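Okay, so here's the structure we're looking at.
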Amino acid sequence: MTQLDLTGRIALVTGGAQGLGEGMAHALARAGAKVAIADIQDDLGAKVAETLGEGHTFVHLDVTDDASWEVGVAAAIEQLGGLDIVVNNAGVEITSLLVDLDPEQARTMLDINVVGTALGIKHAFRAMRPGGPAGGGGTVINVASVAATIAFPAISIYSASKSAVDRLTRVAAMESGKLGYGVRVNCIYPGLVPNQMGANLANDVARIGLFGSPEEAVGAVVELTPSGRLASTEDIADAVVFLASDQSGFVNGVGLPVDGGMGM
Ligand SMILES: NC(=O)c1ccc[n+]([C@@H]2O[C@H](COP(=O)([O-])OP(=O)(O)OC[C@H]3O[C@@H](n4cnc5c(N)ncnc54)[C@H](O)[C@@H]3O)[C@@H](O)[C@H]2O)c1
């Protein structure tokens, strides 16, 4: 069996202190990459970097803050010796019906999910384009969601933010190509994963009264999924490793569903 090999590559994963980002960091490290965990949760992030083993690191990085990106990317390059892969994974979901929409919560989601991803692309390009401090080109992988491709109740702003990630991805790939940055940009649409974020969503839609219980909500998602199950952390991480690898070398500007067929 051919293994995807990332030996010698250096990756930065935002939101890597827990959940899917942590899983991606482990998968990238297993494939041979050196990984910088980038997160606002310093203790947890440092612990994850430690469990990855020697040669990996943690950098404090708030994805909504331009200056924080500047410092975080510079630190990762200095500590690991370069940058080839940026995974814009940090994201938040706050469940609400539109009739109850809290504008502050909406802005928080747009700030982290959309502006955070855009800033990640900006700083990845600046670092990896010719003449940048890690100027050998590379890949950017943005984490959208199956929510960008379906209409599930009570996640309107989250869905809108992930649709924006999809468009950002395509425009970024075009800019990179036209301007000769040598950076591929793709995104993934993960299906529902039964982790903290996934459980919160199931609890929220039950609390709102859209489903009789969290279990019923999860059952409805499974029912809509041809593969007949929820996604695992490993399912999502494997797709990231593929998009980071040379085996996806001519895959650019696309969104890859990793949702068991649930999305459209
Ligand atoms: N869990 C799911 O079912 C699911 C499904 C589809 C897509 N996604 C997407 O996958 C990504 C990861 O989700 P998860 O389930 O691991 O969520 P999670 O809540 O477990 O982890 C999110 C991570 O992002 C970090 N983070 C939040 N704000 C940040 C900021 N401003 N700067 C830096 N880091 C920040 C958090 O500290 C945390 O470590 C998100 O973009 C999410 O929208 C999740």
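The values are calculated or read from the model by the stated rules, or taken from the named source; none is laboratory data. Just so we're clear, the structure is a prediction, and the values are computed from it rather than from any experiment. As a convention, Cβ positions derive from the backbone with ideal geometry for all residues, glycine included, and neighbour counts pool all protein chains shown. Calculation scope for accessible area: heavy atoms of the full protein, side chains included, ligands and nucleic acids excluded. Shrake-Rupley method; radii C 1.70, N 1.55, O 1.52, S 1.80 Å.
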- Under a Cβ-Cβ cut-off of 15 Å, what is the net charge of the residues other than residue 137 that fall near it, where Lys and Arg count +1 and Asp and Glu count -1? +2
- Query: Once you sort the root eigenvalues of the Cα gyration tensor of the range 104-162 as a ≥ b ≥ c, which label holds: rounded (a/c under 1.5), prolate (a/b larger than b/c) or oblate (the other case)?
  - Reply: oblate
- Task: Compute the length gained on full extension between residue 44 and residue 222: take 0.36 nm times their separation in residues and subtract their Cα-Cα distance, giving the result in nm to one decimal.
- Result: 61.0 nm
- Task: Over all alpha-carbon pairs in the range 124-264, figure out the percentage whose distance exceeds 26 Å.
- Result: 31 percent
- Task: Over the chain, with every protein chain in place, what whole percent of the accessible area is carbon and sulfur at 1.4 Å, could you tell me?
- Result: 55 percent
- Message: Between the range 47-96 and the range 101-172, how far is it from one alpha carbon centroid to the other, in angstrom?
- Response: 15 Å
- Task: Taking H placed 1.01 Å from N in the peptide plane, check which residues at least 5 places from residue 183 or on another chain put their amide H under 5 Å from its amide H.
- Result: 138
- Query: Which value, in Å³ per residue, describes the convex hull spanned by the Cα atoms of the range 1-59?
  - Reply: 69 Å³
- From the backbone phi of the range 109-119, what are the Karplus-calculated ³J(HN,Hα) couplings (6.51 cos²θ - 1.76 cosθ + 1.60, θ = phi - 60°) in whole Hz, Gly and Pro given as x? 4, 5, 5, 6, 6, 9, 5, x, 5, 4, 5
- Message: Show me, for the range 218-235, the HN-Hα J-couplings you get by feeding each phi into the Karplus relation (A = 6.51, B = -1.76, C = 1.60, θ = phi - 60°), rounded to Hz, glycine and proline as x.
- Response: 5, x, 5, 5, 4, 4, 7, 10, x, 6, x, 7, 7, 7, 9, 4, 5, 3
- Message: How high is the relative contact order of the chain? Use alpha-carbon pairs under 8 Å, at least six apart in sequence, and give a whole percent.
- Response: 19 percent
- Query: With θ set to phi - 60° and the Karplus curve 6.51 cos²θ - 1.76 cosθ + 1.60, what are the ³J(HN,Hα) couplings of the range 25-39 in order, to the nearest whole Hz, using x for Gly and Pro?
  - Reply: 4, 5, 5, 5, 5, 4, 7, x, 7, 8, 10, 9, 7, 10, 7
- Message: Could you work out the relative contact order of the range 1-127? I mean the mean sequence separation of Cα pairs under 8 Å and 6+ apart, divided by the number of residues, in percent.
- Response: 25 percent
- Message: If you count only protein heavy atoms with a 1.4 Å probe, what accessible area per residue comes out for the chain, rounded to a whole Å²?
- Response: 44 Å²
- Net charge of neighbours whose Cβ lies under 14 Å from the Cβ of residue 179, counting Lys and Arg as +1 and Asp and Glu as -1: +4
- Query: Between Rg and the Kirkwood Rh of the chain, both from Cα atoms, what is the Rg to Rh ratio?
  - Reply: 0.96
- Cβ-Cβ FRET estimate between residue 98 and residue 171, R0 fixed at 25 Å, reported to 0.05: 0.40
- Ignoring everything but the protein chains, give the 1.4 Å probe accessible area of residue 258 in square angstrom, nearest 10. 30 Å²
- Mind listing the long-range amide H neighbours of residue 258? Cut-off is under 5 Å, sequence gap 5 or more, other chains count too, H placed in the peptide plane at 1.01 Å from N. 189, 191
